[in-house]
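Asker: Let me begin by handing over the structure; questions about it come next.
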Amino acid sequence: MWETAIASLLATSTIHEAADQCGVSERTLKRWLAMPEFQAAFSEAKSELLKVATSKLRREAGAAVDVLSSVARDTEAPAASRVTAGRTLLELAFKSHETEVLEERIAALERSVGHGNR
């Protein structure tokens, strides 16, 4: 029954809707939501859903960058569109660089902590 409740929570926007969809009372669903075991299962389901979504985003990232680049380079496109596409590309490039730098710093810290414990 929890699987149905979790699926309903993921598919609807309110507890009331989720309870109706999975055939339990709102009170029961709220009680389940307060249980650590249910919270863990719900959290795992949300994580899996986000992993799937993230995987889809990664697959489409190249096409999205191509579209932005195309608009930014299109001299026939409205100036506002070109500026927005260019700004978006720059913002994403900076964020990507920041993420890479942080990942490298974290990895270096983890290595230094790991070596210090030996």
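Asker: Does Leu92 satisfy being modelled with pLDDT under 95, surrounded by 14 or more Cβ atoms within 10 Å (Cβ to Cβ) and part of a helix (DSSP H, G or I)?
Answerer: yes
Asker: List every residue pair whose Cβ atoms lie under 7 Å apart, where the two residues are 6 or more positions apart in sequence or sit on different chains, the first residue falls within the stretch 73-84 and is surrounded by 13 or more Cβ atoms within 10 Å (Cβ to Cβ), and the second residue, located anywhere, is of a type in the set (Asp, Glu) and modelled with pLDDT of 95 or more.
Answerer: Close Cβ pairs satisfying both conditions: Arg82/Asp74.
Asker: Conditions: (1) closer than 30 Å to Trp2 by Cβ; (2) surrounded by 10 or more Cβ atoms within 10 Å (Cβ to Cβ). Glu37 meets all but one. Number of the miss?
Answerer: All conditions pass for Glu37, except number (2).
Asker: Here's a follow-up. Hey, does the stretch 20-34 have a residue that's outside the structural domain of Ala7 (by TED's automatic domain parsing), hydrophobic (A, V, I, L, M, F, W, C) and in contact with a Ser or Thr (Cβ under 8 Å, 6 or more places away or on another chain)?
Answerer: Checking the stretch 20-34: not a single residue is outside the structural domain of Ala7 (by TED's automatic domain parsing), hydrophobic (A, V, I, L, M, F, W, C) and in contact with a Ser or Thr (Cβ under 8 Å, 6 or more places away or on another chain).
Asker: What number of residues in the stretch 45-72 are hydroxyl-bearing (Ser, Thr, Tyr) and loosely packed, with under 11 Cβ neighbours inside 10 Å?
Answerer: Total satisfying the criteria: 3.
The values are calculated or read from the model by the stated rules, or taken from the named source; none is laboratory data. For clarity, every value in this text was computed on a predicted model and none was experimentally measured. As a convention, Cβ positions derive from the backbone with ideal geometry for all residues, glycine included, and neighbour counts pool all protein chains shown.
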